[in-house]
1. Hey, with R₀ at 56 Å, roughly what FRET efficiency would SER198 and VAL128 work out to, going by the Cβ-Cβ distance, to 0.05?
2. How high is the FRET efficiency from ASP108 to SER77, r the C-beta distance, R0 30 Å, rounded to 0.05?
3. Please give the length that would be gained between LEU306 and ASP98 if that part of the chain were fully extended, namely 0.36 nm times their separation in residues minus their C-alpha to C-alpha distance (nm, one decimal).
4. Dipole size in debye (nearest 20) for region 236-287 around its Cα centre, Lys and Arg Cβ +1, Asp and Glu Cβ -1?
5. What FRET efficiency do you get for ASN86 and SER31 if R0 is 25 Å and r is their Cβ-Cβ distance, rounded to the nearest 0.05?
6. Taking the simple approach of a point 7 Å from Cα along Cα-to-Cβ for both ALA291 and ASN220, what is their distance in nm?
7. Can you give the extra length, in nm with one decimal, that the chain gains between ASN394 and ARG59 once fully stretched, where that is 0.36 nm per residue apart less the Cα-Cα distance?
8. Could you size up the charge dipole of region 37-92 around its Cα centre, putting +1 on the beta carbon of Lys and Arg and -1 on that of Asp and Glu, and report it in debye to the nearest 20?
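Read-outs: derived from the displayed coordinates by stated rules, not from any lab. These numbers come from a predicted model, not from an experiment. Glycine gets a Cβ as well: all are built from the backbone with ideal geometry, and neighbour counts include every protein chain shown.
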Amino acid sequence: MVFQKIKKTMLVVFATLGFLSPISQAYQDYSIGRIRAISNPYSTSIFIEVAKNTGYVARELIDPPRIMLNLYPAKLSPPFREIIINDEFVKRIRLARDSMNVVKAVVDLKTAEYNFNIFSQPVLSRVVIHISPPKKDIVAQLLTKEENSKDKFTYTELSSSELLPFSNKTIPEKKNGIYRIVIDPGHGGKDPGAIGPSGVKEKDVTLAIARRLAKLLRENLDVQVFLTRDTDKFISLDRRTEIANLLGGDLFVSIHANAAWDSKVKGIETFYNSQYVYGEGAEEVATRENAAFSSEVKVKNIIWDLIQNQYRSESRQLAEIVQNKLVATCSTLNRGVKSARFYVLRGINMPAILVEAGFISNPWEEQKLKTPTFQDKIALGIYKGLASYIKSFNRKVGG
Ligand SMILES: [Zn+2]
């Protein structure tokens, strides 16, 4: 197995986030900031606040099992710090000043059976260490299926117990930057979504747009694209989240069509998830889109909200870029970027947005939304936004 081979040879990851000259180092503050851990039964995430330019080298050590990171350039004051975590996977994390501008961090693990994933979030100035149970067989199985039928296969046939709320992004080897995009066509099956005055169903419009968007992305960008559904079937909101996270997506786009009591209301708006509602009508949109949510899993709310909150600034930035490109491409009314609490977005472990591609309740927009020409325009607008975001992101991380 790839995983075992990695363990034996000691995985070495190197990431550096910017060019550093000796002069700039002397005048900058590379202090390690707050260290936080989020524990749940499935995983542990450790967040280390670092300077914008701090990179890391990581390796696994056995007997006892632990993960070691050298953070560079970095400073630690006082010179030693220890945080007891004591959850399912992690005993504690220790940090010590190692040498000039190097800080050593050691994560002491409780088990030798684990997967881990380390990545930088330069925009948030932090390094994230994510530890989860080994799920190599399922991931390998998914990847094989993906190779065999890239366009048709969706991941919904796996039972829920096989899925985890987090992904393992170390399999397969990733390029530096964004390359996995998960598209989520809203509603489906027994849930038609909003229905227009002449009977056009939101679930059909969202799937048509999603397929067009997937095609554009696959043909024009060096990315992998996944759909949470590619047929007319019902998938719960939590399930969509699980699929996206298991696939280790880098961007998540949920596609919907809007509805309002007033049939004259029209235009396009794009949302990101937040506990703080912002924008006219945002609360109503969230209430309608959350209707498919099953109430028995409400206990997960707090931890799931924390997951998407980590990406709030990226998600907002993504929403703004996509909204601007959409409005320009479709020459339609710009209703702006808004925020509210969306169940389908709150647990997504990557930047995530929800696009409302026009009002199916408006007879004029309903007719447009069902035409291939307008569906192509919406897909092109979202595509342009994603392409622009990916380009700027890859420039930032030097990928
Ligand atoms: Zn919807």
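1. That gives a FRET efficiency of 0.70.
2. E(calc), rounded to 0.05, equals 0.85.
3. Here the answer is 71.7 nm.
4. Numbers: 4 positive and 8 negative charges, 35 e Å.
That gives region 236-287 a dipole magnitude of about 160 debye.
5. 0.45
6. 3.4
7. 118.1 nm
8. So the magnitude is around 260 debye.
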